[in-house]
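Before any comments, here is the structure.
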Amino acid sequence: MNIRDIAQMADVSLSTVSRVINKNKYVSEKTRNHVQSIIDETGYIKNGVAVKLSTGKSGVIGVQIPYNNTCYDQLIDSILLTAKEKYYQVQLLPTYYEQETENYYYAMLEQKLIDGLILTSRSDCTTDLDQLLLRGRVISTEKLENVGVPMIYADREQAYEKVFAHLFEQKAQDVVFIAKRSSEQSITTRNKIKAYEKYFGEAKENKNFFIGIDQYESGYSWALNQVKEQRIPAYIYANGDNTAAGILQAFQENGWEHNKDFTLIGEGNLSYSRIFNFSTIDFASEEIGKECVEFLLSDKKTIKCGKEPTFILRK
C-alpha cells in the first residue's frame with residue numbers, strides 16, 4: 001500500500017493525499033475526512049524516509065543541553081509542546097560541556113539530520129558561531145557576545161543585579177552565592193561575581209561564593225559541610241531551586257530555621273520554591289522555549305530578544 005493506492009481509492013490527486021497526510025490546511029474538511037477514513041481503513045503508514053527525501057526536512061529539532069537538570073525542565077517542556085503542535089519531534093543532545101560532543105551535534109545540523117538547533121549553556125569554547133550559522137538554523141537561549149547569532153534569552157545579568165541590590169537594601173551581611181562552574185569556565189559565574197562585587201566588595205572563592213555545586217544532592221552535601229564547620233551564611237543565593245532545596249533540607253535537619261537563622265534565594269521558580277517558601281527568579285523559560293521553536297520554523301533571518309526576569313520575593 002502506497003500513496004498512489006490511497007489516491008486511487010479516494011479518487012483524488014496525489015497532492016491532495018499528501019496534504020492530508022502532512023496536515024496541510026489547504027484541503028476541505030469533507031475531502032480531508034474522506035481521505036483520512038481510507039488511510040485509517042487500510043492502515044497506511046507514510047514512509048518517513050521518503051518524506052524526508054522529498055522535503056529535505058528531517059522533522060526534528062535538536063536541543064543542546066549540558067546535562068539533565070531540573071533547571072531546564074520548563075524550557076524543554078515548552079519546546080516539546082510547541083514542537084508537537086507544529087508536528088515536529090525533539091531530540092535532546094547532552095554535551096557535558098565537552099567541545100568535541102558539541103562539534104558532533106553541529107555536524108548533525110550540517111548533515112540535515114536535524115532541521116534546527118537550540119543552544120542552551122555551552123562550553124567556553126572557540127567554536128566559530130558565524131560558521132555554525134552557515135550549517136543551518138540556530139538559535140541561542142543564552143545571551144551571546146556574537147550579536148550575529150539569533151537569540152531569545154533571559155537577561156540574567158539584570159536578575160543578578162536585582163538580587164544583590166535587594167540584599168544590599170536590606171543591609172544584609174554575610175551573603176554568599178553558589179555556582180556550578182568557575183569564573184574561567186562560565187560567563188554566568190563571571191556575571192554573578194560582577195554583580196556581587198558592585199554591592200559587597202571583592203568576591204573570594206570558598207568564602208563569598210562556592211563552585212562545583214549543582215542540583216539537590218550537591219546542595220545538600222555542601223550545607224552539611226557548612227554545618228560541620230559551624231559556618232552558616234546568613235544569606236545564600238543558590239544556582240537553582242533544586243540546589244536551594246537540598247541546602248534547606250540539610251540545614252533544617254540540623255536545627256537551623258529558614259528566614260530566622262539563614263535566608264535562601266533560588267532560581268527557576270520551580271515547585272521547590274513554592275513548597276518550601278523561599279524567594280526565586282523566574283527566567284521566563286516557557287516563553288523562551290515557545291518562541292525559539294517558532295523562530296526555527298519561520299522564515300525570519302535573525303532575532304535578538306532579551307526577556308526580563310521576575311524576582312519573586314517570598315517571606
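The values are calculated or read from the model by the stated rules, or taken from the named source; none is laboratory data. For clarity, every value in this text was computed on a predicted model and none was experimentally measured. As a convention, Cβ positions derive from the backbone with ideal geometry for all residues, glycine included, and neighbour counts pool all protein chains shown. For the accessible areas, the whole protein counts, side chains as well, though only heavy atoms, and no ligand, DNA or RNA atoms are used. Shrake-Rupley method; radii C 1.70, N 1.55, O 1.52, S 1.80 Å.
Filtering the range 183-202 down to residues that are in contact with a strand residue (DSSP E or B) (Cβ under 8 Å, 6 or more places away or on another chain) and touching a residue at least 24 places away in the same chain (Cβ under 8 Å), which residue is farthest from residue 120 (Cα to Cα)? The residue in question is 200.
If the requirement is being modelled with pLDDT of 90 or more and not basic (Lys, Arg), which of these qualifies: 53, 113?
113
Within this structure, residue 87 fails the test of being of a type in the set (Phe, Trp, Tyr) and either in contact with a Ser or Thr (Cβ under 6 Å, 6 or more places away or on another chain) or without any contact (Cβ under 8 Å) to a residue 12 or more places away in the chain (or both).
Considering the range 21-38 alone, what residues qualify as being open to solvent by less than 70 Å² (accessible area, probe 1.4 Å) and either at pLDDT 85 or above or part of a loop (DSSP other than H, G, I, E, B) (or both)? Those that are open to solvent by less than 70 Å² (accessible area, probe 1.4 Å) and either at pLDDT 85 or above or part of a loop (DSSP other than H, G, I, E, B) (or both): 24, 27, 28, 31, 32, 35, 36, 37, 38.
Any chance the range 114-133 includes a residue that's out of contact with any strand residue (DSSP E or B) (no Cβ under 9 Å at 6 or more places or on another chain), touching a residue at least 60 places away in the same chain (Cβ under 8 Å) and open to solvent by 80 Å² or more (accessible area, probe 1.4 Å)? Yes; the residues of the range 114-133 include at least one that is out of contact with any strand residue (DSSP E or B) (no Cβ under 9 Å at 6 or more places or on another chain), touching a residue at least 60 places away in the same chain (Cβ under 8 Å) and open to solvent by 80 Å² or more (accessible area, probe 1.4 Å).
Contact map, the range 13-29: first residue under 20 Å from residue 57 (Cα atoms), second residue open to solvent by 60 Å² or more (accessible area, probe 1.4 Å) and of a type in the set (Phe, Trp, Tyr), Cβ cut-off under 9 Å, separation 6 or more or different chains; pairs are 19/26; 22/87; 23/87. Quickly run through the range 248-291 and pick out the residues that are part of a helix (DSSP H, G or I), surrounded by fewer than 17 Cβ atoms within 10 Å (Cβ to Cβ) and among the basic types (Lys, Arg). Result: 274, single match. Apart from one condition, residue 235 fits all of (1) under 15 Å from residue 161 (Cα atoms); (2) buried (at least 17 other Cβ atoms within 10 Å of the Cβ); the exception is (1). Pairs meeting the criteria (first residue in the range 68-80 and open to solvent by 20 Å² or more (accessible area, probe 1.4 Å), second residue among the hydroxyl-bearing types (Ser, Thr, Tyr), beta carbons under 6 Å, at least 6 apart or on different chains) are 74/285.
Consider residue 312 carefully, then state whether it is in contact (Cβ under 8 Å) with a residue 24 or more places away in the chain and more than 24 Å from residue 165 (Cβ to Cβ). So residue 312 does not fit the description; no. Residue 245 fulfils the conditions (1) of a type in the set (Gly, Ala, Ser); (2) surrounded by 24 or more Cβ atoms within 10 Å (Cβ to Cβ); (3) under 19 Å from the mean Cα position of the chain (by Cα) except for a single criterion, (3). Once the range 152-164 is narrowed to residues that are assigned to a helix (DSSP H, G or I) and open to solvent by less than 20 Å² (accessible area, probe 1.4 Å), the residue that is farthest from residue 234 (Cα to Cα) is 159.
Taken over the range 91-106, the residue count meeting the criterion of being in contact (Cβ under 8 Å) with a residue 12 or more places away in the chain and either open to solvent by less than 30 Å² (accessible area, probe 1.4 Å) or of a type in the set (S, T, N, Q) (or both) is 8.
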